[in-house]
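One structure below.
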Amino acid sequence: MLQSAPRAHDRKVRNIQKQVQDWNKSGRSTKMCTARPGWLTMSFRFPKYKKDMTLIHVDKLVDILEIDTEAKSIRVEPMVTMGQITRALIPLGYTLPVVPELDDLTVGGMINGCGIESSGRKFGLFQHICLSYELITSSGELIVAKREPNSEHQSLFYGIPWSHGTLGLLVAATIRIVPCKPYVKLQYYPCYSSSDIVEKLKEESNRSENEFVEGLQFDKESGVVMAGYFAEQPPKNATINRIGRWYKPWFFKHVESIKDSGKNSVEYIPIRDYYHRHSRSIFWEIQDLVSFGNNVLFRYTLGWAMPPKISLLKLTTPKPVRNLYDRHHVLQDFLIPLTHLPEAVELLHKEVQIYPMWLCPFNLPSIPGMVRQRTGRNVLFVDVGVYGNCTLETYDAKETTRKLEKFVRDVEGVQLLYADTYMTPAEFWEMFDSSLYDWLRVKYDCKEAFPNVYEKVCRAARE
Ligand SMILES: Cc1cc2nc3c(=O)[nH]c(=O)nc-3n(C[C@H](O)[C@H](O)[C@H](O)COP(=O)(O)OP(=O)(O)OC[C@H]3O[C@@H](n4cnc5c(N)ncnc54)[C@H](O)[C@@H]3O)c2cc1C
Ligand SMILES: NC(=O)C1=CN([C@@H]2O[C@H](COP(=O)(O)OP(=O)(O)OC[C@H]3O[C@@H](n4cnc5c(N)ncnc54)[C@H](OP(=O)(O)O)[C@@H]3O)[C@@H](O)[C@H]2O)C=CC1
Ligand SMILES: CC(C)=CCC[C@@H](C)[C@H]1CC[C@@]2(C)C3=C(CC[C@]12C)[C@@]1(C)CC[C@H](O)C(C)(C)[C@@H]1CC3
């Protein structure tokens, strides 16, 4: 890969330390953030703060440093992408336990933001499969924050997820790996009422042999719940579906056809095709961008050119189209306890009526951090993903989103922060737990060095 230099890791880290030391010497006049340009990031907006902060160049940190099959871990630099990791690990018979599905998502984004996938019912969020973070602090020191009890910077380990680079600069992470097999045996269960979908999601999430559980809801009363686990070579007359091939229908359309057929079905999907199943159609966003993209003729002749890189789309979207998206397009993920899913579906149907809706169950352990549930037990949550145009006349980007955010706070859920948030600081800190975060901001001398996380993600910070 271009710019690859894994053996130069120490030199690359020293270079970042030097940038931070120079910032200290020059009188700490502005705060720091990464130099990764806004158009490359997997969110709708361009961060405004990149224009007037000191930009720290972490962009050369693009390498996988070490794969240790004995210790079952992988050590990577933060700009490594999900696509890069699955390409390296799967041929060795290993995978990350949680592989957020768009190829270009980065390890740095998944750790400092949040990463979620259909294996969440077993492994939690991306942060829960991490073992340690190597960070440069505001003074330019290199430290290692490990999960290990009583290790020196253990509290920082719990503080980093969701902090958006406001506690330090990540230069490497060690993440768990698990053995995998070449196929996923996926069962599709069509459901024809909202309560059926919830019940089936619960049932499959609680079934211990399932590695993956996910739901797609196609309207208020119908959807498909999918559950799967790793499999070796499929038996002779099994259906093999290489869903990632360029001439194949988009995954969500394929699932919809199963819902229409009304029959439970089983397929064997090659594991990389499964992991990146929503990449080719960017979930279902592609239908607004290339409406004829799922046409058979188009798929067979020009399907190989799909999908366009999200970064390229972002760079080339003209301002008027962005404004149109702003007014009518919803891009939100709400993480709520699964028990509150029926109310969420009801509310989303009333306020936005956008389908398909992504339902991704995951386990949220009771541990310290910005996202925190204090029951002392593991709680089954679900990510409700809403991506698409809203045609309801009553929709108003700010007012409607604020209503949805209030619901999420009321049920003790959280909103993913790549999305637009219209909350005030007080509402934001009602949703997220600031106790550990605030203490770490003082302990690691972050207040002059990095903005507060709210200042980075709030609506005013984005173009
Ligand atoms: C691993 C860890 C170490 C910390 N060390 C200190 C410290 O030495 N001094 C300090 O002033 N603050 C420390 N803090 C931070 C401080 O406790 C936070 O302000 C904390 O989040 C308080 O929130 P709470 O009272 O709601 O947490 P609680 O609900 O009281 O605690 C949540 C969990 O965090 C862990 N934890 C909390 N405080 C400590 C602690 N002091 N030592 C070890 N584990 C702790 C425990 O595992 C506990 O189960 C630590 C936090 C963590 C996670
Ligand atoms: N399946 C899923 O879970 C999906 C998740 N997403 C969301 O998209 C985002 C990921 O997008 P991606 O483009 O990879 O990441 P981004 O470049 O958007 O980074 C996300 C945040 O992490 C910070 N960050 C990134 N790298 C570092 C680092 N090395 N050191 C310190 N801070 C860092 C960034 O800080 P700075 O602003 O300073 O650059 C930014 O605030 C996530 O936040 C995630 O929630 C999107 C699609 C799917
Ligand atoms: C937790 C999960 C699964 C999140 C999935 C989020 C995706 C659906 C989001 C992330 C980035 C994202 C906002 C994006 C877009 C669609 C939805 C995306 C892919 C698009 C492509 C929509 C069209 C826009 O003109 C533009 C090109 C700017 C954006 C780019 C980012």
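The values are calculated or read from the model by the stated rules, or taken from the named source; none is laboratory data. Keep in mind that what you see is a predicted model, and the values were worked out from it rather than measured. Virtual Cβ from ideal backbone geometry, glycine too; neighbours counted across all protein chains shown. Accessible surface is based on the protein model in full, side chains and every heavy atom, while ligands, DNA and RNA are left aside. Shrake-Rupley method; radii C 1.70, N 1.55, O 1.52, S 1.80 Å.
Check whether at least one residue in the range 381-403 is hydroxyl-bearing (Ser, Thr, Tyr), outside any strand (DSSP E or B), within 16 Å of ligand 3 (Cβ to nearest atom) and not assigned by TED's automatic domain parsing to the domain that holds Ser119, and report yes or no.
Yes, that holds for at least one residue.
Counting only helices (runs of 4 or more DSSP H) that sit wholly inside the range 98-184, those with at least 2 residues that are under 13 Å from the mean Cα position of the chain (by Cα) are 107-112. Report yes if some residue within the range 86-96 is on the phi > 0 side of the Ramachandran plot and open to solvent by 10 Å² or more (accessible area, probe 1.4 Å); otherwise report no. Yes; the residues of the range 86-96 include at least one that is on the phi > 0 side of the Ramachandran plot and open to solvent by 10 Å² or more (accessible area, probe 1.4 Å).
Filtering the range 2-38 to residues that are under 18 Å from Ala172 (Cα atoms), among the aliphatic types (A, V, I, L, M) and at pLDDT below 95 leaves Ala5, Ala8. Give the residue that is farthest from ligand 1 (Cβ to nearest atom), with candidates limited to residues of the range 352-399 that are among the β-branched types (Val, Ile, Thr) and closer than 27 Å to Asp438 by Cβ. The qualifying residue farthest from ligand 1 (Cβ to nearest atom) is Val379.
Here the strands (runs of 3 or more DSSP E) wholly within the range 16-82 that include at least 2 residues being of a type in the set (D, E, K, R) are 64-68. Among the residues of the range 344-362, those identified as within 16 Å of ligand 3 (Cβ to nearest atom) and either open to solvent by less than 50 Å² (accessible area, probe 1.4 Å) or assigned to a strand (DSSP E or B) (or both) are Ala344, Leu348, Val352, Ile354, Pro356, Met357, Trp358, Leu359, Cys360, Pro361, Phe362. Set side by side, the residues Asp59, Asp10, Asp52, Asp63 differ, and just one is within 18 Å of Gly113 (Cα to Cα) and either more than 19 Å from the chain's Cα centre (by Cα) or β-branched (Val, Ile, Thr) (or both), which is Asp59.
Residues are listed down the side, and each one gets a yes or a no for (1) within 16 Å of ligand 1 (Cβ to nearest atom); (2) surrounded by fewer than 17 Cβ atoms within 10 Å (Cβ to Cβ); (3) under 29 Å from Gly93 (Cα atoms):
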residue	(1), (2), (3)
Cys114	no, no, yes
Glu134	no, no, yes
Ile143	yes, yes, no
Tyr192	no, yes, no
Glu199	no, yes, no
Val213	no, no, yes
